[in-house]
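Chemist: To start, I am sharing the structure in question, which I have written as structure tokens.
The values are calculated or read from the model by the stated rules, or taken from the named source; none is laboratory data. The shown structure was predicted, so the numbers you read here are calculated from the model rather than taken from an experiment. FYI the Cβ positions are ideal-geometry reconstructions off the backbone, even for glycines, and counts take in every protein chain you see.
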């Protein structure tokens with residue numbers, strides 16, 4: 001087995017995961033705000049932030065769908081070793097990983113059911129840049145308005161229109177993370 | 001086995017990941033109860049196992065942790081949970097609201113306003129606001145999915161027809177972001193106005209009932225009411241006997257066997273803070289009395 005596969009995980013799993021989770025939770029609770037997230041060194045093309053999110057949330061209980069260049073042997077082996085998460089197709093994935101342009105039709109991912117809206121996919125989207133500018137966000141977690149450099153707005157408006165069903169997005173870039181839950185209105 | 005032989009914050013990592021995923025979905029769907037696989041904790045259900053599991057999933061070692069039980073830092077439940085996390089998560093603990101990063105609470109929201117840097121974790125006994133109106137989970141789940149909350153309004157209306165006003169005084173239901181009706185846990189309805197638009201993240205954990213739900217910061221949470229019977233936050237119509245506060249929620253304390261009573265702040269940190277600033281209530285002990293009555297009771301045989 002390639003030694004690279006074994007490295008790059010959390011050095012101190014319990015503590016690093018606790019720190020990383022707080023960044024993800026703050027990001028999900030305050031859509032549009034950007035937080036630092038560290039501790040993971042995944043293989044290319046994954047960013048350290050995406051690696052940390054995956055290590056924090058994924059395990060043998062969660063299915064992962066890889067899209068585009070992330071669907072490569074290096075990432076598969078690294079995730080398999082560090083999380084044990086099974087890889088699945090788009091329709092049953094709990095987590096979806098990839099660049100925005102590689103995700104394809106968002107309608108192929110699960111959005112939950114009216115009685116269990118939580119049974120929906122979380123999309124971890126690698127963005128080339130992440131800054132507090134661009135689309136305007138309003139909704140729970142945002143005092144007045146927030147801004148975030150989203151790749152587009154229409155898809156997120158459609159997603160919000162399905163509330164309480166829908167997808168939740170975690171955006172990663174370098175060692176930074178932001179999030180956009182289905183509850184956020186985008187304009 | 002020594003405490004240090006346990007994983008950080010007691011729970012194993014896979015359990016924490018499961019709870020963390022539930023917290024994220026809870027934040028994404030404010031007010032919706034996310035099922036989670038609640039674990040056995042080293043304390044009985046009903047003693048805050050839901051809150052403890054949420055705290056365990058949220059805490060990291062640099063946090064300062066506070067626990068309140070009905071507003072008090074010094075009751076058995078609060079002391080035990082505080083000590084539990086001192087031992088298993090090596091966190092600093094405090095009784096000061098403003099110094100705490102994570103506050104676990106049973107049935108109160110602190111009087112002092114919380115900030116964006118804080119997280120409030122509630123212990124919840126019955127998370128389902130419709131449970132006493134409809135015992136079947138399959139039915140209440142359907143009612144939430146259809147946004148069918150007529151029954152709750154009937155219940156409040158029956159209060160009015162029997163008592164002349166809405167007599168529900170705690171666990172008063174709120175509607176979150178115009179969608180889900182949520183049980184804010186048995187906080188007094190005095191605290192309801194603080195739920196909405198709070199700067200801190202609010203997480204709710206129900207261990208026995210296996211549910212987690214959440215209110216992100218600045219979320220709309222409106223107490224249900226009627227146009228002609230608007231919601232009213234109420235408290236005992238007295239000032240605090242110890243610190244004289246007129247704006248805090250009060251506990252009624254029986255002080256003798258002849259019907260004597262006093263009202264004191266239920267938030268002990270708020271009350272102590274005011275007394276430290278020199279506020280004195282009508283029934284506050286004098287310095288000499290304070291020396292004998294205000295010291296902490298001990299278990300030593302006298």
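Chemist: Go through region B:123-138 and give me each residue that's more than 22 Å from residue B:229 (Cβ to Cβ) and surrounded by 14 or more Cβ atoms within 10 Å (Cβ to Cβ).
Modeler: Hits for region B:123-138 are B:123, B:124, B:125, B:126, B:127, B:128, B:131, B:134.
Chemist: Looking only at region B:155-184, filter to residues that are part of a loop (DSSP other than H, G, I, E, B) and touching a strand residue (DSSP E or B) at 6+ places or on another chain (Cβ under 7 Å); which one of those is surrounded by the most Cβ atoms within 10 Å (Cβ to Cβ)?
Modeler: Across region B:155-184, the extreme among qualifying residues is B:184.
Chemist: Being over 30 Å from residue B:14 (Cβ atoms) and in a strand (DSSP E or B) is the requirement here; does residue A:144 meet it? Even if it seems obvious, please write down each step before you answer.
Modeler: Values: over 30 Å from residue B:14 (Cβ atoms): yes; in a strand (DSSP E or B): no.
In short, no.
Chemist: OK, next. Is it true that some residue in region B:36-45 is closer than 23 Å to residue A:60 by Cα and facing chain A (nearest Cβ under 7 Å)?
Modeler: For region B:36-45, residues closer than 23 Å to residue A:60 by Cα and facing chain A (nearest Cβ under 7 Å): absent.
Chemist: What are the residue pairs meeting all of these: first residue in region A:54-83, first residue on the phi > 0 side of the Ramachandran plot, second residue assigned to a helix (DSSP H, G or I), Cβ atoms under 8 Å, and 6 or more apart or on different chains?
Modeler: A:68/A:101; A:68/A:102
Chemist: Turning to a different aspect of this structure: For residues in region B:71-87 being touching a residue at least 60 places away in the same chain (Cβ under 8 Å) and over 20 Å from residue A:25 (Cβ atoms), which is surrounded by the most Cβ atoms within 10 Å (Cβ to Cβ)? Reasoning before the result, please.
Modeler: Just the residues of region B:71-87 that are touching a residue at least 60 places away in the same chain (Cβ under 8 Å), to begin with: B:71-74, B:84-85, B:87.
Pick out the ones that are also over 20 Å from residue A:25 (Cβ atoms) and you get B:71-74, B:84, B:87.
Numbers: B:71: 29, B:72: 21, B:73: 20, B:74: 13, B:84: 22, B:87: 14.
Per the stated criteria, the residue is B:71.
Chemist: Now, a different point. I'm trying to understand the selection: among the residues of region A:1-50, which are surrounded by fewer than 22 Cβ atoms within 10 Å (Cβ to Cβ), in contact (Cβ under 8 Å) with a residue 12 or more places away in the chain, more than 13 Å from chain B (Cβ to nearest Cβ) and assigned to a helix (DSSP H, G or I)?
Modeler: Selection gives A:4, A:5, A:6, A:48.
Chemist: Look at region B:72-104 and say how many of its residues are under 21 Å from residue B:268 (Cα atoms), modelled with pLDDT under 95 and not in a helix (DSSP H, G or I).
Modeler: The qualifying residues number 2.
Chemist: For residue A:60, state whether it is surrounded by fewer than 18 Cβ atoms within 10 Å (Cβ to Cβ) and either within 13 Å of another protein chain (Cβ to nearest Cβ) or not in a loop (DSSP other than H, G, I, E, B) (or both).
Modeler: yes
Chemist: For the condition at positive phi and exposed (fewer than 15 other Cβ atoms within 10 Å of the Cβ), what is the one hit in A:104, A:112, A:139, A:98?
Modeler: A:104
Chemist: For residue A:89, which of the numbered conditions (1) within 12 Å of chain B (Cβ to nearest Cβ); (2) in contact with a strand residue (DSSP E or B) (Cβ under 8 Å, 6 or more places away or on another chain) fails to hold?
Modeler: Condition not satisfied by residue A:89: (1).
Chemist: Taking region A:161-173 on its own, how many of its residues are touching a strand residue (DSSP E or B) at 6+ places or on another chain (Cβ under 8 Å) and either at pLDDT below 95 or surrounded by fewer than 17 Cβ atoms within 10 Å (Cβ to Cβ) (or both)?
Modeler: Summing the residues that are touching a strand residue (DSSP E or B) at 6+ places or on another chain (Cβ under 8 Å) and either at pLDDT below 95 or surrounded by fewer than 17 Cβ atoms within 10 Å (Cβ to Cβ) (or both) in region A:161-173 gives 1.
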